[in-house]
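Take a look at the structure set out below.
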Amino acid sequence: MTYEFQTDRRDNYFSALITADRGPLGTSDYRIQLEIMDIEGRTFGRFQVSQKHSWISARAAKLYLSTVGRNKKGITVVATDEEGNPVYSDGERAVAERNLLRYYFAITAFFRNKDPVGDHQFQERLNYWFDQTEQYKQLHELDRNRYLTDKKKEFENQLALQNSQYIDKLTYKK
């Protein structure tokens, strides 16, 4: 996916908007927006995520929820069972809740570590995100070593892609 980033920073206000026209499986109109403002010494934030689904993506989601995702639970307690144990949300609501928490932890990881960009900063952010998600059994997907290895490889691939696009642009301008 190709994302566009926009930020707006004024006194007591910050906004970050990430958009993409197209996504996988025919999805489109991706929009992720974070707004943070100071109101009388208190911080207020708003986070919005939206996208348009396609027929194919809707079918894929239905397939996911009936197979691999059928036992995945959300964060919200919607009831209690006969023994008084919490019953968590499931289905599309659970998917949305898990994704929202992951986004929240990613944003928090970014703002917590304002060191100059580098390996240390990258590792700190990944470790923070992993530690936060591990507090919720519903978010556990991989062990720490596998997660860190996969993210390092993704990061290296992203840097290589960005560098090749930069070189292509320089070559094109000649």
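Filter the trypsin sites (Lys or Arg not before Pro) in segment 10-93 down to the DSSP loop ones having no more than 16 other Cβ atoms within 10 Å, then list what survives. Display every interim value, and only then the final one.
Values: sites: 10, 22, 31, 42, 46, 52, 59, 62, 70, 72, 73, 93; in loops: 70, 72, 73.
Here the sparse-neighbourhood loop sites are 70.
Under the √(5λ) rule applied to the eigenvalues of the Cα gyration tensor, what semi-axes describe the equivalent ellipsoid of the chain? Give them in Å, descending.
On the way: eigenvalues 188, 104, 77 Å².
Each semi-axis is √(5λ); the values are 31, 23, 20 Å.
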* At a Cα cut-off below 14 Å, give the aspartates and glutamates reachable from residue 153, other chains included and same-chain residues fewer than 8 away excluded. => 119
* Can you tell me the equivalent ellipsoid semi-axes for segment 37-105? Use √(5λ) from the Cα gyration tensor, largest first, whole Å. => 28, 22, 8
* Asked: For the Cα atoms of the chain, what angle does the longest principal axis make with the long axis of helix 119-133, in degrees from 0 to 90, nearest 10?
  -> 20 degrees
* Among 68, 54, 94 - extreme Cα towards positive end, dipole of the chain, charges at beta-carbon -> 54
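For segment 1-54, take N as its residue count and report Rg(C-alpha) divided by 2.2 N^0.38 Å.
On the way: Rg = 13.8 Å, N = 54, 2.2 N^0.38 = 10.0 Å.
This ratio for segment 1-54 stands at 1.38.
We did not get these values from a lab; they are worked out from the coordinates using the rules stated. Treat the numbers as computed from the prediction; the structure is a model and nothing was measured. Quick reminder, even Gly has a Cβ in these numbers, built from the backbone with ideal geometry, and neighbours come from all protein chains shown.
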